[in-house]
Amino acid sequence: MTGGGICYSPNTSDELAKQLQMLLCDPIKSQDLGKAGHEKVHSYFSSEAMAKRMIKVYKDVAKT
């Protein structure tokens, strides 16, 4: 999980609306969530991180 979002029960438009209202009324929380999500996604999907995971895959395949 990225820490950059909110959770609500699926197929509950009232709950979704409530969560969206909360974000609209709390711009600091919205910014914090956006920043957390951006940082997590950037660290996981950076070229360096993806290259390290690919090297691990190649090493694991070479062992078999």
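The values are calculated or read from the model by the stated rules, or taken from the named source; none is laboratory data. Just so we're clear, the structure is a prediction, and the values are computed from it rather than from any experiment. A quick note on method: Cβ atoms are made from the backbone with ideal geometry, for glycine too, and the neighbour counts reach across all protein chains shown.
Taking the stated definitions as given, is G4 surrounded by 11 or more Cβ atoms within 10 Å (Cβ to Cβ), modelled with pLDDT under 90 and not basic (K, R)? In short, yes. Filtered by the rule that a residue be under 19 Å from the mean Cα position of the chain (by Cα) and not charged (D, E, K, R), segment 23-36 gives L23, P27, I28, S30, Q31, L33, G34, A36. Taking every residue in segment 18-44 that is free of Cβ contacts under 8 Å to residues at least 60 places away in the same chain and surrounded by 12 or more Cβ atoms within 10 Å (Cβ to Cβ) and pairing it with any residue that is among the basic types (K, R) and part of a helix (DSSP H, G or I), at least 6 positions away or on another chain, the pairs with Cβ-Cβ distances below 7 Å are L23/K29.
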